[in-house]
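Working notes, beginning with the structure itself.
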Ligand code: S3P
């Protein structure tokens, strides 16, 4: 079967979207595979000796960019059916030099993790991306990968397009993360795979641990120790990875939109199937519950080494939130939709300590502040967050068009807001939703949304 459409470094035509209130949401939805786990399963399979099987792979544009890149560096990645992939790896140390620039589309995860892979192989690769990705800081990975010996030439400001000239053998480092970033941690660990000796990453604030779990699953020697300076992760290099059969659980970051939608629309009762609930990812559900949301975990189980459950979510009245900044990494991609929930809560939410929001696919503090204001919400922007004056259940006024700035999560957050608005919410461009959740709108319709 042929792969779904590839990403593109200049974005396709904008797809305006109008979404309006449509009554209670009801039924069951199965969200697609976890994006973070999907990227990692392709990359580690590409480095294993032998053939891995992946099921439940997210086939969004970001993950397809990773598949194209590992192919360009010698792995065979074949789509057998929806979410079913077979990947034959080249072995750690065996990546080939790509003959063309690697097009990362909108995907920061593809870019930063693949930069790590290239950094310790004797190859050179150029990374390009769309306007959003080309504005994002890469200095955070350039610094440690340069310490390991890679020669990296970015565009001014440490941005894409950039070229990585890998070094073999690279130099193992001991690196304390200056920003809480799973992408930076993972880039260093992936570079460490082909580096002699022990590569050590210390994270003062824990971030998603899918790389550690999956590296161990593929047979890498890796230890993780909690210490007073943080989690210390040590990886023994020149690893031999053994092929695996991987089942990717549903993405909690995609489930988040349905959880907030069911919570804010009166009368709703939906069940979201197969949601990954790794504690480094599930912060939004805890935050919503603290606000009064009714989220029930049904049939907890383990899928692909990750905790999973179905989530039954019923409408509930919310009170304002004041999330602990230490919990931010566990809900890092969910703040846009949390702002939507906070905007309908009773009371004022002060959500601070999230300056990282400014360097995501868009500046999510500014983009959300502008969009929420456009649909009638009173907000105040902070340098590191947002104050949201809740409407105590009063529907949004509607309006727009909301500028989504090539940011899938902004588009989906305002689609959710439109479900409880007295006039339609207009969104300038829904096309970026395909980067992480291609069937978002069809799924939203199956539970009763008008879009
Ligand atoms: C990701 C890490 C997070 C997250 C991103 C996916 C990953 O980014 O926002 O969507 O898969 O490692 P940061 O590492 O920049 O926090």
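The values are calculated or read from the model by the stated rules, or taken from the named source; none is laboratory data. Since the model is a prediction, treat every value here as computed from it, not as a measurement. Don't worry about glycine lacking a Cβ; one is built from the backbone with ideal geometry, like all the others, and counts go over all protein chains shown.
What the table below lists for this structure:
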item: Verdict on residue 399 being touching a helix residue (DSSP H, G or I) at 6+ places or on another chain (Cβ under 6 Å) and over 18 Å from residue 260 (Cβ atoms); result: yes
item: Subset of the range 339-360 (residues that are within 16 Å of the ligand (Cβ to nearest atom) and in contact (Cβ under 8 Å) with a residue 40 or more places away in the chain); result: 339, 356, 359, 360
item: Among the candidates 207, 199, residue that is surrounded by 23 or more Cβ atoms within 10 Å (Cβ to Cβ) and part of a loop (DSSP other than H, G, I, E, B); result: 207
item: Residue in the range 222-240 that is outside any strand (DSSP E or B) and under 24 Å from the mean Cα position of the chain (by Cα) present; result: no
item: Which numbered condition residue 41 misses (of (1) under 22 Å from residue 127 (Cβ atoms); (2) more than 22 Å from the chain's Cα centre (by Cα)); result: (2)
item: Residue that is farthest from the ligand (Cβ to nearest atom) [pool: residues in the range 194-215 that are over 16 Å from the mean Cα position of the chain (by Cα) and under 15 Å from residue 43 (Cβ atoms)]; result: 194
item: Tally, over the range 166-184, of residues that are buried (at least 23 other Cβ atoms within 10 Å of the Cβ), more than 14 Å from the ligand (Cβ to nearest atom) and over 23 Å from residue 122 (Cβ atoms); result: 0
item: Restricting the range 114-139 to residues that are more than 16 Å from the ligand (Cβ to nearest atom) and assigned to a loop (DSSP other than H, G, I, E, B), the residue that is nearest to residue 157 (Cα to Cα); result: 131
item: Qualifying residue in the range 378-393 (condition: in the same structural domain as residue 315 (by TED's automatic domain parsing), over 27 Å from residue 317 (Cβ atoms) and outside any loop (DSSP other than H, G, I, E, B)); result: no
item: Single unsatisfied condition, residue 378 versus (1) buried (at least 23 other Cβ atoms within 10 Å of the Cβ); (2) without any contact (Cβ under 8 Å) to a residue 12 or more places away in the chain; result: (1)
item: Matching entry among 191, 187 (being more than 13 Å from the ligand (Cβ to nearest atom) and either assigned to a loop (DSSP other than H, G, I, E, B) or under 23 Å from residue 122 (Cβ atoms) (or both)); result: 191
item: Residue match in the range 114-126 (condition: under 27 Å from residue 407 (Cα atoms), without any contact (Cβ under 8 Å) to a residue 40 or more places away in the chain and in contact with a strand residue (DSSP E or B) (Cβ under 8 Å, 6 or more places away or on another chain)); result: yes
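Yes or no, residue by residue, for (1) farther than 29 Å from residue 422 by Cβ; (2) over 20 Å from the mean Cα position of the chain (by Cα):
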position	(1), (2)
338	no, no
347	no, yes
355	yes, no
379	no, yes
